[in-house]
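Worksheet for the structure shown next.
The values are calculated or read from the model by the stated rules, or taken from the named source; none is laboratory data. This one's a predicted model, so the numbers in the text were calculated from it and none came from an experiment. Cβ atoms come from the backbone with ideal geometry, glycine included; neighbour counts cover every protein chain shown. Just so you know, the surface numbers come from the protein's heavy atoms only, side chains and all, with ligands and any DNA or RNA stripped out. Shrake-Rupley method; radii C 1.70, N 1.55, O 1.52, S 1.80 Å.
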Amino acid sequence: MRTVDLGRVRLFCTSFGPVGAPTLLLVHGWGGDGREWSPHADALAGRFRVVIPDLRGHGRSQTPREGNTPREMAADLAALTDAVGTGPVIAVGHSMGGQVVNLLAVHYPHLVRSVVALDPAHGAHGAEVDGIPARLAEYRERGADAAAAFVAAAFAPTAPPGLRTAHVRTMLGTPDHVIAQAYAGMYTDPDAVGVRPHSETYLRARTQPALTVWTSAEAAAWERGTLLVPGSRVDHWPDTGHYLHEERPERTIRLIEEWAARPGA
């Protein structure tokens, strides 16, 4: 696959591994693209069908003038899984992609076997929530230039060389209006689920097993209180930056493999 015309949007998407094998849908985050999953695809494509899209407004996918929000992105992925005939997927997402795959699971439950969310963009509270209006105003005014500062500060000192620069460059290549619309879609739009009371409601609406990995111990403890489906769990990875799947790719690959091997996952 390359570009898939879904009618609602055209998404760039690649697929690796055997058709008919269990499908992993790997979803990048805000201001990223599917290239960040390349090491994982290499390792996982022997046992799984690995489908990696660029979300709308990101990477090589179409950039609509409006609607570049997690909820629309989840609808895009529902259409994509139908179009390519994957069957129910194990949906794996990082950051905003973690919110997107959870929305996919909640609103299109027949398309999702289970969810893996890595440092997802939900559960905001306290000082983080207090700062959202100012950050959104800055993203609306300065777009990717402002967002790149967030990215630059999101890595642990032990992150692989070049990883920070690669993500800063990818963020700077994301259209300014997409940066602002996606951030508002995560946190301030009427249907946004990024702030804790709304996050709890949507997380408890999942009917599939879910695995969430947080780099924050406080966030991990909070999300454990939302788990309702048997087999779900929350892990905490300390001393890791926000891009944990790239800072610790081997550990992430093992995590996905072990999760996918669980009965019912």
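Observations
- Y187 vs. criteria open to solvent by less than 20 Å² (accessible area, probe 1.4 Å), of a type in the set (S, T, Y) and out of contact with any Asp or Glu (no Cβ under 6 Å at 6 or more places or on another chain): no
- Test: residue in segment 115-126 that is surrounded by fewer than 19 Cβ atoms within 10 Å (Cβ to Cβ) and out of contact with any Ser or Thr (no Cβ under 8 Å at 6 or more places or on another chain): yes
- Helices (runs of 4 or more DSSP H) (entirely within segment 87-191) containing at least 1 residues that are under 14 Å from the mean Cα position of the chain (by Cα), touching a residue at least 40 places away in the same chain (Cβ under 8 Å) and under 30 Å from P263 (Cα atoms): 96-107
- Failed item, numbered, when E200 is tested on (1) farther than 21 Å from I90 by Cα; (2) touching a helix residue (DSSP H, G or I) at 6+ places or on another chain (Cβ under 8 Å): (2)
- Where strands (runs of 3 or more DSSP E) fall wholly inside segment 1-46, the ranges with 3 or more residues that are within 24 Å of H242 (Cβ to Cβ) are 23-27.
- Matching residues, segment 16-43, being crowded, with 18+ Cβ neighbours inside 10 Å and of a type in the set (S, T, N, Q): T23
- Every condition in (1) touching a Gly at 6+ places or on another chain (Cβ under 8 Å); (2) more than 29 Å from L255 (Cα to Cα); (3) open to solvent by less than 40 Å² (accessible area, probe 1.4 Å) holds for E223 except the one numbered (2).
- Lone unmet requirement of (1) modelled with pLDDT of 95 or more; (2) in contact with a Pro (Cβ under 9 Å, 6 or more places away or on another chain); (3) over 21 Å from D189 (Cα atoms); (4) surrounded by fewer than 18 Cβ atoms within 10 Å (Cβ to Cβ) for G46: (1)
- Those residues of segment 174-188 which are aliphatic (A, V, I, L, M) and either closer than 15 Å to G131 by Cβ or touching a Ser or Thr at 6+ places or on another chain (Cβ under 8 Å) (or both), in sequence order: V178, A182, A184, M186
- Any hit, segment 56-69, residues being modelled with pLDDT of 95 or more, surrounded by fewer than 16 Cβ atoms within 10 Å (Cβ to Cβ) and within 29 Å of A221 (Cα to Cα): no
- Neighbours by Cβ (under 7 Å, 6+ apart or cross-chain): first from segment 246-265, within 20 Å of V89 (Cβ to Cβ); second open to solvent by 70 Å² or more (accessible area, probe 1.4 Å) and not small (G, A, S): A265/R113
- Among the residues making up segment 80-99, those that are among the small types (G, A, S) and open to solvent by 30 Å² or more (accessible area, probe 1.4 Å) are A83, G85, G87.
- Verdict on R169 being under 20 Å from H28 (Cα atoms) and open to solvent by 10 Å² or more (accessible area, probe 1.4 Å): yes
- Residue check for L77: in contact (Cβ under 8 Å) with a residue 40 or more places away in the chain, in contact with a helix residue (DSSP H, G or I) (Cβ under 9 Å, 6 or more places away or on another chain) and under 26 Å from G241 (Cα atoms): no
- Within segment 209-220, the residues that satisfy the criterion of being under 24 Å from R113 (Cβ atoms) and either modelled with pLDDT under 95 or open to solvent by 10 Å² or more (accessible area, probe 1.4 Å) (or both) are P209, W214.
- Checking V229 against (1) assigned to a loop (DSSP other than H, G, I, E, B); (2) in contact (Cβ under 8 Å) with a residue 40 or more places away in the chain; (3) touching a Pro at 6+ places or on another chain (Cβ under 7 Å), the condition it does not meet: (2)
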